1. When you look at residue 178, is it more than 18 Å from the chain's Cα centre (by Cα), closer than 22 Å to residue 213 by Cβ and charged (D, E, K, R), yes or no?
2. Are there any pairs with C-beta distances below 8 angstrom linking a residue in the range 281-293 that is β-branched (Val, Ile, Thr) to a residue that is modelled with pLDDT under 95 and not in a loop (DSSP other than H, G, I, E, B), with the two at least 6 apart or on different chains, and if so which?
3. Select from the range 100-116 the residues that are outside any strand (DSSP E or B), open to solvent by less than 60 Å² (accessible area, probe 1.4 Å) and not polar (S, T, N, Q) and list them in ascending order.
4. Looking at the structure I just gave you, is residue 282 buried (at least 22 other Cβ atoms within 10 Å of the Cβ) and not basic (Lys, Arg)?
5. When the residues of the range 1-30 are narrowed to those that are at pLDDT below 95 and β-branched (Val, Ile, Thr), which ends up surrounded by the most Cβ atoms within 10 Å (Cβ to Cβ)?
6. Run residue 354 past the list (1) of a type outside the set (Lys, Arg); (2) in contact (Cβ under 8 Å) with a residue 24 or more places away in the chain; (3) farther than 18 Å from residue 14 by Cβ and report the number of the one that doesn't hold.
7. Considering 103, 93, which residue is within 30 Å of residue 156 (Cβ to Cβ) and over 21 Å from the mean Cα position of the chain (by Cα)?
8. Which condition breaks for residue 375 when tested against (1) closer than 23 Å to residue 7 by Cα; (2) surrounded by fewer than 18 Cβ atoms within 10 Å (Cβ to Cβ); (3) in contact with a Ser or Thr (Cβ under 6 Å, 6 or more places away or on another chain)?
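The values are calculated or read from the model by the stated rules, or taken from the named source; none is laboratory data. Everything numeric in this text was worked out from a predicted model, so none of it was measured. Counting neighbours? That spans all protein chains shown, and the Cβs are built from the backbone with ideal geometry, glycine included. Protein only, heavy atoms only, side chains kept; ligands, DNA and RNA dropped before computing areas. Shrake-Rupley method; radii C 1.70, N 1.55, O 1.52, S 1.80 Å.
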Amino acid sequence: MTLTARLRSDFPGLAEGWHYLDTAATAQKPQAVIDAASRAMGVDYATVHRGVYARSAQMTLAFEAARRKVAAFIGGQEDEVVFTRGATEAINLVAQTWGQANLGTGDRILLSTLEHHSNIVPWQLLAQRTGAVIDVCPLTADGRIDLDAAAAMLTPAHKLVALAHVSNVLGSVLDAPRAVALAHGVGAKILLDGCQAVPRITVDVAALGCDFYAFSAHKLYGPTGIGALWGRKELLDAMPPWQGGGAMIDRVSFAGTTYAPAPQRFEAGTPAIVEAVALGAAVDYVSAIGLPAIHAHEAALVSALRGELQRMNDITLFGPEDSAGIVSFAMQGVHPHDLGTILDEEGVAIRAGHHCAQPLMDHLGVPATARASFGLYSDETDIAALLRGIERTRRIFG
């Protein structure tokens, strides 16, 4: 029995006859995650950290257990994991704290052409405030971050490198160990955007040697509204608070306030309790299947789809042959939005647009692409339905 045949029934959002190829935007949720969220919202619900009654203590244990699960999943320690609203907030947190404290006029930040807007705009805002300068690393011909170019660009003036571990448009996988070595070689810190990596490939932040790692739960088959920032303990300890309020304090007085240690220092207010517990359940679910099996399954689907699309003269493919779970393409004479609409009529859900990567669209010379992205529940029937929809679109547009 295939991976998909065993697991597809775990996902109630996958209606019969619906072909969901938009997992890179957000993953469908397994019943185990839904049940965990329901229990946490219902019979187990209580606040965390501040209650002296038994249920509050039990919920606190569950909340902190989720932190340990997340840490172990990416190879970190629990006191290095900050719960955030998602990768976007995680990146902004680093920019607003570490960046504000460590960058000044003339310091440089290295990004790449393929970054998601969430890994561009926070650094632009930081540069405007501090006088730092942003450099943009180009891509190779097949859509990878060109680390040879990065090696030539990096100087001791660079204080930060921020790159996608896996591109959300091209599926290209960064040679993260080399990127880390290049950044550290000039004394820069490096942040990796792991949104598309953690659901697909094994991540070990300790082995990678990076300084910050960010990802969102909802792409990891978990809930929306929560994500995580992993940071080196010594960096987190040195970073000033970002938001003030309850839970992030040690002692408050009008004479002055002292703050809790990291990671609590960065988790002001009542946290996303239910979402954290559900994220822990998602980590358990994915871990039980195994990322190597998920990656192999998605790689086979990518290879099959790219092979079919390469035989079509009116299709332009973007990204490398070994893209991780994502296939972006354009159809001659058909806007991706029109293709997406017709595919929807055929029961196929893809993403059509700039994918929050407008600089990459400019580089590719297109206003938008069509993007099919796979999950652990995807199978060959999804590819067949997509190909039928493309053929129908071809007939409509003549």
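1. Taking the combined requirement at face value, the residue satisfies it.
2. Hits for this filter: 289/3; 289/7.
3. 103, 104, 106, 107, 114, 115, 116
4. Spelling it out, residue 282 is indeed buried (at least 22 other Cβ atoms within 10 Å of the Cβ) and not basic (Lys, Arg).
5. So the residue we want is 4.
6. Single failed check for residue 354: (2).
7. From the options 103, 93, the qualifying one is 103.
8. (2)
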